[in-house]
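Report on one structure; see the data block that follows.
The values are calculated or read from the model by the stated rules, or taken from the named source; none is laboratory data. These numbers were taken from a predicted model, which means no experiment stands behind them. So basically every Cβ, Gly included, is an ideal-geometry build from the backbone, and we count neighbours across all protein chains shown. In case anyone asks, the SASA skips ligands and DNA or RNA and just uses the protein heavy atoms, side chains included. Shrake-Rupley method; radii C 1.70, N 1.55, O 1.52, S 1.80 Å.
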Amino acid sequence: MKTLFRMLLACAGLLLTAGSGRAQTINTDAVTRYWEITDGLRQNRPLTDQMWQAFLEVPGNKIYVRGIYSAADLVRYRRAIEVVYMPRYDSLRQAKLQAKSWFYMMVNDYKEREPEYRNYVASLTKNATALDRMYQYAYPQLPPAAHKRLANLNIYYEALGNDATSQQEGMFYSLRAVLDANEVKRGLMEGHEMYHQLQPERNFGTIAPEDEGLLEIMASMQHEGIADQIDKPLTMALPGDPRGIRDWAITPAPRFIHRMDSTLQARARGGAPASGRWYRQLSDGSNGHLPGFFMSSAIVRNGYSKQMIAQSDNPFAFVYLYQKAAKKDKSALPRFSDAAIRYLKTLDRQYARPRPVPATAAR
């Protein structure tokens, strides 16, 4: 059986055609390498510094970890892998799991569910419909002009972490995140990230330094909020909300909106701008899922979904639509103040026509 899996995994890098002259690649090299390393650990063979660094340099891992884990996190993660897979550390493994240490619990999941993960990877290399599903789930949240196939799109799967990310280099999925999402509906996680590859982008031209943090968080709120409509409603509807989406993305949202409103009011009075770091901390590091999902849900619930999708390249419009939905909603949703909205409309007019990027900034 192990030989069969290795033969299937050797087909990683399968080309899936997407129209004449276009190709898209599913790459599972990072997963294959992970299983090779952990096969050795199961025999109490140590994970050397050279092996670990080579593992992190595998393309699917290198780009994935850079935006998710710090250097200190990776040290802890490596130690968790060693302890979980090496039999000589079994007592320590049990203690860490009993203490609910996150890295150890996550790595242990990869160990215990490995047959399930192997089957899924084998299915990716045999079944071209996986790519079709990604587009199928993304299209309903996109304007018609964005219903297209992408040329030369690289799709990577990793046996690390519990996340997914869409980057210029391609889409990166951890097996754990994908299979957890598949318990709701197969392909939901992949469809969410495909949305980010297809989403329209508004060209603001040169952004003044004092506006960068605000425009960054607004774009993130809109992009993640709309993409979240692909997977979060179905996931949150599971009995008992086992993924904790309500506690993570819904309950804290009013606080975010109130604090953002206060910041905008202060800015309108000539106060100091908030930094991108401040907004990211306020969003609990969620990159806009908080409060984006809360806001998009209000917009959809109150009948403005078509307008939201039609203007999905304009983060200002996203806030205005939320404000309209909050006024209409039967529950007492937090609203932005008139002063904050006036300030946003001033910025909206300022960036309505993209200004050229100076040559020095372009470099």
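Can you give the local net charge around Tyr279? Use residues other than it whose beta-carbon is closer than 15 angstrom to its beta-carbon, Lys and Arg +1, Asp and Glu -1.
Net local charge, Tyr279 excluded: -2.
Once the Cα gyration tensor of the stretch 181-226 is found, what semi-axes does its equivalent ellipsoid get, as square roots of 5 times the eigenvalues, in whole Å, sorted largest first?
30, 11, 6
If you project the alpha carbons of the stretch 255-353 onto the principal axes, what extent comes out on each, in Å, largest first?
Result for the stretch 255-353: principal-axis Cα extents of 36, 32, 23 Å.
Using alpha-carbon positions, what is the distance between the centroids of the stretch 45-112 and the stretch 286-301, in Å?
A separation of 33 Å, based on Cα centres.
How large, in percent, is the carbon and sulfur part of the accessible surface of the chain at a probe radius of 1.4 Å?
After summing per-atom areas, the C and S share lands at 52 percent.
Plugging the Kirkwood radius over Cα pairs into Stokes-Einstein for the stretch 113-221, at a temperature of 20 °C and a viscosity of 1.002 mPa s, what D comes out in µm²/s?
For the chosen part, D equals 138 µm²/s.
If you average over every viewing direction, what projected area does the convex hull of the Cα atoms of the chain give, in nm²?
20.9
In nm, give the distance between the simple-model label positions of Asn182 and Trp278, each being 7 Å from the Cα along the Cα-to-Cβ direction.
4.4
Within the stretch 179-210, list the residues whose amide N lies under 12 Å from a label point set 7 Å along Cα→Cβ of Lys148.
Only 198-201 pass the distance filter.
So what is the 222 nm mean residue ellipticity for the chain from helices alone, if each DSSP H run of at least 4 adds -39500 (n - 2.57) and you divide by all residues, rounding to the nearest 500 deg cm²/dmol?
Rounded to the nearest 500, the figure is -18000 deg cm²/dmol.
Taking the solvent-accessible surface of protein heavy atoms with a 1.4 Å probe, what is the per residue accessible area of the chain in Å²?
Using a 1.4 Å probe on heavy atoms only, each residue of the chain averages 48 Å².
If the chain between Asp241 and Asp39 were fully stretched, how many nm would it gain, using 0.36 nm times the residue separation less the Cα-Cα distance? Walk me through the numbers before you get to the answer.
On the way: separation 202, 0.36 × 202 = 72.72 nm, distance 3.52 nm.
That works out to 69.2 nm of additional length.
If you build a Gaussian network model of the chain, linking Cα atoms that sit under 10 Å apart, which residue out of Ala122, Ala317, Ala72 swings the most?
Comparing Ala122, Ala317, Ala72 in a Gaussian network model of the chain, the most mobile one is Ala72.
Name the residue, out of Pro143, Pro46, Pro239, whose mean-square fluctuation peaks in a Gaussian network model built on the chain with Cα pairs under 10 Å.
Result for the chain, Cα springs under 10 Å: Pro239 fluctuates most.
How about Lys148: which lysines have a C-alpha closer than 22 Å to its C-alpha, ignoring those fewer than 8 places off in the same chain?
Lys306
Express the C-alpha Rg of the stretch 42-85 as a ratio against the empirical globular expectation 2.2 N^0.38 Å, rounded to two decimals. List each step's numbers first, then the result.
Numbers: Rg = 10.9 Å, N = 44, 2.2 N^0.38 = 9.3 Å.
Working it through for the stretch 42-85, the quotient is 1.18.
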